[in-house]
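Participant: I am attaching a structure below and will ask some questions about it afterwards.
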Amino acid sequence: MSGNDLLLWMSARGSGSWTQFRTAVERLYRSDANAMADSDDTVPADSVGLPLYQDLRLNLERFGFAEFFSVSGGYEWRVTPPVLAVTRMERSYIGFIIGARSDKSIRRLATVAAPNVLTVGSVRHAPDCLSVESNNLSTLTEVASLGGLVFQQDAPIAILSALRVVDGTLLREPVQVPIGKEWSFERFRERELRWAAVTRADMEHASFGLFRLRFRYRTDILFRWSGVTYITSLQEGKYIALKRARKRILRYDPATFTLSVPAICRPPTLIERALLLCSGRLPVFEIHSNAPSMLHYQRIPRAVARTASALLRQELT
Amino acid sequence: MLGLDSLGVVVTTALAVAAGVALYRFIRRPASGGSTGQTTSLCETTHTVGSSGQSTSMTATEDIDVNRLVEFQAGRSGKGSQLEAPTLPATRTTNPYASDTESPVVGRPDSHMPTSDPPPRELNRDLSNAHDQTHDISSDEDSAVDDSSLSIIIDDITSTLSSVANNDALIPAVIDEQLREVVALEQTASNTDVSATSYDSPATSDDDLCALASVGLLTPSSDPVAIDFPVDRRSEESKSSSDAPPTIQPPPASSEAQDDELDIACEDPIDVNANDSDLLHDLDTVRRYRPAARTPRELRPASQRRPKDSDPRERALSIALRLSFRPGGICQFSLLAQRRSDFPYRINVRMLGRTEVFSTLQDDWYELRAPAELGELLRSGAIGVAVLPGNNILKWTLAQRDVYVLGVVPDFGGYVTVSRLVIGEEHVILCDSALRGSVADALAAAGCAAFSEVNSTDGIPDGWIAFRNVNPTKPVPALNDGGILDTLRPLADLEIALRHGIKVDRSDWLLGHGPTIILHGDVAAAGVVLIDGQPAAINDAGVCDAPGKGDIGEHTVWSASKFRSYRIVEGLQEWEAWPAHRPSNSVVCGAAVFPMSGSKGHERGLIVPSRDAVLIGARVGEIHHCLPDPRSRSSSNVVFPAFDPIWLIPRFPLRCDRAIPVIHTSTTLSTPNAQTPDGSVRRSLREWCRLILDAHHRRLVVEPSNATTEALWNAYEQVAHAHWRRLK
């Protein structure tokens, strides 16, 4: 069993609740005992050792196979329409098939993609990566048309072009700091790229900074900006703080077309999705004992790297 | 055959009810004319009481009538869940009307009334007093008050009837019928607009005639006005100074003649003389228990299946028997009645001709003590009825049977009714004494050894015996003849498991990923296993296989012991985009970017540099302004023009940086089309031409720079030039 069965199940249903997703993972996905043992939902997403269902959820969302969102009373998911996300390579075009799939749609794709080869690449804790490569863009257009896929040319750039810059303009919802002694406070240290325990007073007196508040199973990510507290997402908050601290973390190797970031600073979901659609692969996770662990995104064209860094208000080094 | 005394009781009873009906109609005067509503067809109510004490059967037409009464009682008492059936005071032993050949009337019993019934005239006064009271109440416009006053009257009638009746057992049956009529007439009044004049003929339907005839209120006449009811109750009462009650035409003096005449429209008349303990049955005929036949069944067509959203309360709830052994081996019985979470903690249930109180034992079960007539109850079964607020009717049934299989059930002490013997588990068998031999033989065939017999000396009801320490060890093929002894034939210990595959819903598997059918347990004794009616091939691991088991549609797996069904579905084959992320002027869903909903643009977007530029199409007038999103601050932008864009031109070519090129955006060499699009405005035509001509005048570079693109651009310039002259 693999993520393929999970995607088939999700595609057959179309949408569902988080509980149903977890149940399906339990039933369909066989993994090692270590991954199954940890069922703590509060494990941060930017740390290693995620529970299996969280890992699967993250990968499905990273690639864009499904969207997970919160609704009143819980969380839900919905599978996305099948898309042929085309990326321009050096001498050819490659289209990754992202989104819902069924046995019937795969068989049809295999038929219409001929004589081009429908390549299948396995991805750990994720559905197989199906791709079609051709020197002619019109060929891919035809494959998408006959295969019932949405054709998205230059998918990475298209997604990045639709996004806003990650800066203080994203902070729009001022909130009050939660009341109660049970809350624990942590501040993101931009220089050390780590979280450090602080007090409520530290936060209330800080004029700028990213803070993480925890109480039992609840985690709030708050950003202090000019003395006002705003709610924000974890990844965006980090890059806002990094920009504020003028900390550069993005590295790009034009020789290998590799974009590297510290693992703790994984880009926001849609930016990362654009990076993954360049290669159809998950980033390589590199662990260092004396340095922050790194994520290496492969086969990233220079234009995509520049656009991504511009959105993150980072300069490529 | 009706005796004179009994006849008098019946007549008195009927007159009391009729008077109550009259009072009720006075209270519930309709607003306008209309047709009568529904009435209870008491003609369908048969109550046959054998004078020799034979078993009786009673078929009630409308359970709801009694229940409406119960509801009125509850409404009056203000208790939502504590529904009180009409309580009956102590009965009388003499019939004061035995010698009264005049108009027998019923009056409103007073709480201070002596135990002996007053003479009719005093009762008449009481009735008129009640009538006046209800009249005063009815002047209140609040309809709820009318209901309460009606219930008061009903209570009063009930009390009066009980005070003159002789036989306790008869009272419920008789009163039930009379009260049903009252309730039915109340329903009629509440549901319809009936003019006051229509009350001239109270017996407006044959059903009512039957009802009245059955209790001796009506002579055998088809004249619907045989009973004289006052036309205008209020005017009549206000005029009367003597408190004369409504008069009811008395029945003939001869009871024998009456007996004959009563048979006109109705079926068997009520024998009010009967002192029959068989009046334990309540409301409906109790069905006989039949074990489920263990034969392959075809899937019912969808039209015959119970709809998923059908009210589960439409099905009767079950009553089970529980047996506990006390120290010394004494048997103690109790009854368990099904309960749902929204049922009240305690509920009054009409059963066995009386009100039983069901008390919650567990979330899913009520408990009540076994009645004294348990033996008869077990043999004949019973039905219990209650009404919840909102007119939700609850019905419990205990089917008739001669053999009960009691087993150990989790969460219950003692032994509780189970469907049949189960191998390896301990049971107690309770059976009719007449079946002792057959039961013993069946138990022996099931491999039960060392079971012992328990009889009435240890608390078993008379006429019954019990076998305890019953431990079946062998499966026995069922005869499937519906005989009760099939419950003593344990099935092979088998389980049908549906494993693996991709389960989409409760019992739906995805096409191509159907379940693996595996048998667990005593596979050797399972016998034939059918998949969709076809014999299945079973391998050593218990995996069953048959042709077509993975095809789309419904499938069944049948064995004598177990049955499973599942369905193969195709799942969704089309998926639509939705605004999952809306960071700017477009929507991101999955790996694609879509226009905002309501946009007229094509779904296929185009990535353009983020600057003030315009896209033009092949047809004159096709323009789309690419306005950069100031919040985006990205170097590129995704736009969704409503046409196939050919060129991207700076919006103000004469003022822009000369290094900014004119970009060919199309993958095809679309030559310009001189025809203008439908609905084009002059402004867009001018804009289209201006952009091209200004870019030409500014000598902006065309990209990609090659001869083909250059030639194409020249063609557009010529068309723009020609149109510009025309527009001038």
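Participant: Given Cα pairs under 8 Å that are at least 6 residues apart, what percent is the relative contact order of chain A?
Facilitator: After rounding, I find 15 percent.
Participant: Next up: Please name whichever of B:PRO661, B:TRP713, B:HIS723 sits farthest to the positive end of the charge dipole of the range B:615-728, dipole taken about the Cα centre and charges placed at Cβ: Lys and Arg +1, Asp and Glu -1.
Facilitator: B:HIS723
Participant: Between A:VAL198, A:PHE215, A:LEU171, whose Cα lies farthest towards the positive end of the dipole of the range A:167-229 when Lys and Arg beta carbons carry +1 and Asp and Glu beta carbons carry -1, centred on the Cα centre?
Facilitator: Farthest towards the positive end: A:PHE215.
Participant: When N counts the residues of the range A:166-317, how does its alpha-carbon radius of gyration compare numerically with 2.2 N^0.38 Å, as a ratio?
Facilitator: Numbers: Rg = 16.4 Å, N = 152, 2.2 N^0.38 = 14.8 Å.
In units of the 2.2 N^0.38 Å rule of thumb, it is 1.10.
Participant: Across peptide B:567-575, how many C-beta atoms of other chains are within 10 Å of each residue C-beta, on average?
Facilitator: Numbers: counts 0, 0, 1, 4, 11, 9, 7, 7, 15.
Mean partner shielding for this stretch: 6.
Participant: Now for a separate question. In whole angstrom, and with the biggest value first, how far do the Cα coordinates of the range A:184-240 range along each principal axis?
Facilitator: Sorted largest first, the three principal extents are 28, 22, 21 Å.
Participant: Suppose the chain between A:LYS247 and A:VAL177 were pulled fully straight at 0.36 nm per residue; how much longer would it get relative to their current alpha carbon spacing? It would help to have the intermediate numbers written out before the result.
Facilitator: Details: separation 70, 0.36 × 70 = 25.20 nm, distance 2.67 nm.
Extra length from A:LYS247 to A:VAL177 when fully extended: 22.5 nm.
Participant: Compute the separation of the alpha-carbon centres of the range B:709-724 and the range A:201-268 and state it in Å as a whole number.
Facilitator: Between the Cα centres of the range B:709-724 and the range A:201-268 lies a distance of 52 Å.
Participant: In peptide A:9-15, how many Cβ atoms from other protein chains are near each Cβ within 10 Å, on average?
Facilitator: Details: counts 6, 3, 5, 14, 6, 5, 3.
Per residue, the number of nearby Cβ atoms from other chains is 6 on average.
Participant: Mind checking the alpha-carbon convex hull of the range B:417-500 and giving the volume per residue in Å³?
Facilitator: On the way: hull volume 9.3 nm³, N = 84.
Value for the range B:417-500: 111 Å³ per residue.
Participant: Run the quick spin-label model on A:SER72 and B:PHE652: label points 7 Å from Cα toward the beta carbon, then report their separation in nm to one decimal.
Facilitator: 4.9 nm
Participant: Shifting gears a bit: Please state the charge dipole magnitude for the range B:363-491, taken about the Cα centre, from unit charges on C-beta atoms (+1 on K and R, -1 on D and E), reported in debye and rounded to the nearest 20. Walk me through the numbers before you get to the answer.
Facilitator: Numbers: 9 positive and 16 negative charges, 46 e Å.
Here the size comes out at about 220 debye.
Participant: Same structure, new question: Return the average number of partner chain Cβ atoms within 10 angstrom of each residue Cβ along peptide A:99-108. Display every interim value, and only then the final one.
Facilitator: On the way: counts 6, 7, 1, 9, 6, 5, 3, 0, 0, 0.
Partner Cβ neighbours, averaged per residue: 4.
Participant: Could you put B:SER559, A:SER131 in order, starting from the residue whose Cβ has the fewest other Cβ atoms within 10 Å? Each step should come with its number before you reach the end.
Facilitator: Working: B:SER559 24, A:SER131 21.
Ordered from fewest to most neighbouring Cβ atoms within 10 Å, B:SER559, A:SER131 come out as A:SER131, B:SER559.
Participant: May I ask you to sort A:ILE159, A:ILE300 by Cβ crowding, counting other Cβ atoms within 10 Å and putting the fewest first? Please list the in-between numbers first.
Facilitator: Values: A:ILE159 30, A:ILE300 26.
So the ranking, lowest neighbour count to highest, is A:ILE300, A:ILE159.
Participant: What does the helix-only formula give at 222 nm for chain A: each DSSP H stretch with n ≥ 4 adding -39500 (n - 2.57), the total divided by the residues, and the result rounded to the nearest 500 deg cm²/dmol? Don't skip to the end; give the middle numbers.
Facilitator: Numbers: 11 runs with 106 residues, N = 317.
Calculated from helices alone, the mean residue ellipticity at 222 nm is -9500 deg cm²/dmol.
Participant: Roughly how compact is the range B:575-728, stated as its Cα Rg over 2.2 N^0.38 Å to two decimals? Each step should come with its number before you reach the end.
Facilitator: On the way: Rg = 16.0 Å, N = 154, 2.2 N^0.38 = 14.9 Å.
Normalised by 2.2 N^0.38 Å, the Cα Rg of the range B:575-728 equals 1.07.
Participant: Would you be so kind as to identify which of B:ALA580, B:PRO515, B:VAL620 lies farthest towards the positive end of the dipole of the range B:494-626, taking Lys and Arg as +1 and Asp and Glu as -1 on Cβ and the Cα centre as origin?
Facilitator: Positive-most Cα among the choices belongs to B:VAL620.
Participant: Whole number please: convex hull volume per residue, Cα atoms of the range B:363-427, in Å³. All intermediate terms of the calculation are to be shown ahead of the outcome.
Facilitator: On the way: hull volume 8.0 nm³, N = 65.
Taking the convex hull of the Cα positions in the range B:363-427, it is 123 Å³ per residue.
Participant: In whole Hz, with x marking every Gly and Pro, tabulate ³J(HN,Hα) for the range B:498-505 from phi via Karplus 6.51 cos²θ - 1.76 cosθ + 1.60, θ = phi - 60°.
Facilitator: Values per residue, Gly and Pro as x: 10, 10, 6, x, 10, 8, 8, 9 Hz.
Participant: Continuing with this model, one more query. In whole Å, how far is the Cα centre of the range B:495-554 from that of the range B:335-388?
Facilitator: After rounding, the separation between the Cα centres reads 41 Å.
Participant: Something else now. Which FRET efficiency value, to the nearest 0.05, do you get for B:GLU426 and A:SER92 by plugging their Cβ-Cβ distance into 1/(1 + (r/R0)^6) with R0 = 56 Å? It would help to have the intermediate numbers written out before the result.
Facilitator: Numbers: r = 75 Å, r/R0 = 1.34.
In this case the efficiency is close to 0.15.
Participant: While we're here: At 25 °C and a viscosity of 0.890 mPa s, what translational diffusion coefficient does Stokes-Einstein give for the range A:210-265, taking Rh as the Kirkwood radius over Cα pairs? Give it in µm²/s as a whole number. Each step should come with its number before you reach the end.
Facilitator: Values: Rh = 13.0 Å.
For these conditions, the coefficient is 188 µm²/s.
Participant: Take the residue pairs B:LYS503/B:LYS549; B:LYS474/B:LYS549; A:LYS104/B:LYS503 and return only those whose Cα atoms are more than 21 Å apart.
Facilitator: On the way: B:LYS503/B:LYS549 15 Å; B:LYS474/B:LYS549 32 Å; A:LYS104/B:LYS503 17 Å.
Cα-Cα > 21 Å for B:LYS474/B:LYS549; rest within.
Participant: Could you derive backbone 3J(HN,Hα) for the range A:205-216 from the dihedral phi with the Karplus parameters 6.51, -1.76 and 1.60 (θ = phi - 60°), listing whole Hz in sequence and x where the residue is Gly or Pro?
Facilitator: With the stated coefficients, the range A:205-216 comes to 8, 6, 8, 9, x, 9, 10, 10, 10, 10, 8, 6 Hz.
Participant: Order of A:ARG313, A:ARG273, A:ARG91, B:ARG346 from fewest to most other C-beta atoms within 10 Å?
Facilitator: Numbers: A:ARG313 17, A:ARG273 24, A:ARG91 6, B:ARG346 13.
Placing the least packed residue first, the sequence is A:ARG91, B:ARG346, A:ARG313, A:ARG273.
Participant: Nothing charged except the Cβ atoms of Lys and Arg (+1) and of Asp and Glu (-1): what's the magnitude of the dipole of chain A about its Cα centre? Round to the nearest 20 debye. Show your work: numbers first, answer last.
Facilitator: Numbers: 41 positive and 31 negative charges, 113 e Å.
Here chain A has a charge dipole of around 540 debye.
No lab work stands behind these numbers, since they all come straight from the coordinates. It should be emphasised that the depicted structure is a prediction, and the values quoted were computed from it without experimental measurement. Counting neighbours? That spans all protein chains shown, and the Cβs are built from the backbone with ideal geometry, glycine included.
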